[in-house]
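Nothing in this text is a laboratory measurement; each read-out follows from the coordinates by a stated rule. This is a predicted model, so every value here is computed, not measured. Every residue, glycine as well, gets a Cβ built from its backbone with ideal geometry; the counts of neighbours run over all protein chains shown.
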Amino acid sequence: MAIDLMGLFGSASLGVYSLTTEEMAIVPPQMSKAKAKRLEDCLQVKVIRTMIGESVLVGALTTANSSGVVLPHYVTEDEVETIRSAVPDINIAIMKTKRTAYGNMILANDRGAIVDPRLREEDLAKISDALNVEVVLGEIAGLPYVGSLATATNKGVLVHPLVKEEEQRRLKEVLKVPADVGTVNCGVPYVGMGLIANSRGAVAGFVTTGPELFIIGQALDVVKEK
């Protein structure tokens, strides 16, 4: 288990551009081979290189767990085929709504999902079917874009420091893991924008501090490599 530090396109907002599950990481094609290898080694996953809707904002537009992936309506056929070819058994949900930033709107692991309360009931059903988990409406720190405010794995959740007590309790109940507060990238509370993780490791933005790494390691039950 390990924590690595990384950036993409000169930015420490790693979670905006990439995502990971227990089996795969989806990253833009522009990621260097060296960085892709570091992701593979740290998270022990297969790296899939594709844009989403011809955008490099893979992590902001997409969410996934071990069962499925949720994509915006303008994802291309070639992009869907790239994901399906790499992970043939995965459920793929292409959402037919005006909202597109599903990485920001959904916080999920393999046990549950908290989603933006502005999503419609039929959208919740489609997300639940794809991810094969219970889907519950919720907010973090009184804000609806839950996916950008936390990072969840099958071991824990790291969440915005201003999370309310009842919100934190709901995270624990729905995702069925402990939930702790923290920041990334030298004090940024939008955890999901700067941290991707699974049960084996975590990759944070390159300006994440030592104390932040310690909290990440404790919350997600991973350790910093020496």
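Here Arg118 does not fit the description of being surrounded by 15 or more Cβ atoms within 10 Å (Cβ to Cβ), basic (Lys, Arg) and not in a helix (DSSP H, G or I). From the set of residues in segment 62-110 that are of a type in the set (Val, Ile, Thr) and in a loop (DSSP other than H, G, I, E, B), which is nearest to the chain's Cα centre (by Cα)? The qualifying residue nearest to the chain's Cα centre (by Cα) is Thr62.
Yes or no, residue by residue, for (1) closer than 23 Å to Ala25 by Cβ; (2) among the charged types (D, E, K, R); (3) without any contact (Cβ under 8 Å) to a residue 60 or more places away in the chain:
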| site | (1), (2), (3) |
| --- | --- |
| Gly138 | no, no, yes |
| Pro144 | no, no, yes |
| Glu167 | no, yes, yes |
| Lys172 | no, yes, yes |
| Gly217 | yes, no, no |
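Cβ-Cβ distances below 7 Å connect no pair with a first residue in segment 34-56 that is of a type in the set (Phe, Trp, Tyr), a second residue that is buried (at least 20 other Cβ atoms within 10 Å of the Cβ), and a separation of six or more residues or different chains. Applying the condition of being of a type in the set (S, T, N, Q) and surrounded by fewer than 24 Cβ atoms within 10 Å (Cβ to Cβ) to segment 56-71 and asking which residue is nearest to Thr20 (Cα to Cα) yields Ser66. The residues on offer are Met24, Met95, and the sole one that is hydrophobic (A, V, I, L, M, F, W, C) and over 19 Å from Val203 (Cβ atoms) is Met95.
For segment 132-162, the tally of residues that are surrounded by 19 or more Cβ atoms within 10 Å (Cβ to Cβ) and under 20 Å from Leu57 (Cβ atoms) stands at 8.
Within segment 204-215, residues that are within 21 Å of Ser18 (Cα to Cα) sit with their Cβ atoms under 7 Å from residues that are among the hydroxyl-bearing types (Ser, Thr, Tyr) and outside any helix (DSSP H, G or I), at 6+ positions apart or across chains, in these pairs: Gly205/Ser13; Glu212/Thr183. Note on segment 21-59: among residues that are in contact with a strand residue (DSSP E or B) (Cβ under 9 Å, 6 or more places away or on another chain) and among the small types (Gly, Ala, Ser), the one that is farthest from Asp221 (Cα to Cα) is Gly53. For beta carbons closer than 8 Å, sequence separation of 6+ or different chains, a first residue in segment 78-101 that is over 18 Å from Glu54 (Cβ atoms) and a second that is part of a helix (DSSP H, G or I) and small (Gly, Ala, Ser), the qualifying pairs are Asn91/Ala130; Ala93/Ala130. Checking Ala108, Ala141 one by one, the residue that is touching a helix residue (DSSP H, G or I) at 6+ places or on another chain (Cβ under 9 Å) and at positive phi is Ala141 and no other. Being of a type outside the set (Phe, Trp, Tyr), surrounded by fewer than 23 Cβ atoms within 10 Å (Cβ to Cβ) and closer than 20 Å to Leu131 by Cα is a condition met by no residue of segment 30-39.
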